[in-house]
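Just below is one structure, and these are the notes that go with it.
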Amino acid sequence: MDIKQSRDAAISDTITSIRAIEQDGSIDYDTLKAIRTELIQLANDKSLFPRDHFPLSRTGESAIYRLSEDVDHRFALYGSTGAAGKSVPPHNHTTWAVIVGVHGDELNRFYERLDDGSVEGQGRVRETGKFTVSHGNGVVFLPEDIHAISTDDAESTLHLHLYGLALDQLHERLVFNTADGTVRQMALTTGFLSA
């Protein structure tokens, strides 16, 4: 069995375990922490995720690899590579999410929304904390939790991102501009690569 076949089999086993955790459909932080444990166990074997299987895009930019997704677009697992200086401003997901480290560090900054969302285009947020995702750990998010990510490693990073619903199905995500207190709909994520 080659590396890709071994990785696919390990991913399939992990997703099966995660489906069992989430089987009743109720998601809270305890459920997400149990899912994170399963995903960390998958990421523990770095030999399944060699950097050369997850290169940056042809232009040297960050890239997202679709690793698994159910036919109904649930339990979507991605390998997210980050070039030095990758940065995504504060945003929500509108679905649950779990991120764990494989290679390198990804700084996650957490935010709370300060306004009630009643004024279109306005959205003030305040940073409440931060955590660096690296090999052996991870973070969890409920649908309306807000975070930003950035990477500064000299080598490309790789982290596993698991979502309750696939990224290209998330049409209502919001991205916040901390400088001017505005919010807009986030562009739909598409253009996934295959590992």
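Here are the numbers for this structure:
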| quantity | calculated |
| --- | --- |
| Any hit, region 102-115, residues being hydroxyl-bearing (Ser, Thr, Tyr), on the phi > 0 side of the Ramachandran plot and buried (at least 18 other Cβ atoms within 10 Å of the Cβ) | no |
| Region 129-152, residues that are part of a loop (DSSP other than H, G, I, E, B), over 19 Å from Gln185 (Cβ atoms) and not polar (S, T, N, Q) | Gly136, Leu142, Asp152 |
| Check on Ile149, under 13 Å from the mean Cα position of the chain (by Cα), under 20 Å from Val183 (Cα atoms) and open to solvent by less than 40 Å² (accessible area, probe 1.4 Å) | yes |
| Scope region 153-195; condition within 19 Å of Val139 (Cβ to Cβ), hydroxyl-bearing (Ser, Thr, Tyr) and assigned to a loop (DSSP other than H, G, I, E, B); matching residues | Thr189 |
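Table: residues versus (1) within 19 Å of the chain's Cα centre (by Cα); (2) at pLDDT 95 or above; (3) part of a helix (DSSP H, G or I); (4) over 15 Å from Val140 (Cα atoms).
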site: Ala9; (1), (2), (3), (4): no, yes, yes, yes
site: Ile15; (1), (2), (3), (4): yes, yes, yes, yes
site: Ile27; (1), (2), (3), (4): yes, no, no, no
site: Arg36; (1), (2), (3), (4): yes, yes, yes, no
site: Ile40; (1), (2), (3), (4): yes, yes, yes, no
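The values are calculated or read from the model by the stated rules, or taken from the named source; none is laboratory data. None of these values were measured; they are calculated from a predicted model. Ideal geometry is used to build each Cβ from the backbone, glycine not excepted, and the neighbour counts take in all protein chains shown. With ligands, DNA and RNA removed, areas are computed over all heavy atoms of the protein, side chains included. Shrake-Rupley method; radii C 1.70, N 1.55, O 1.52, S 1.80 Å.
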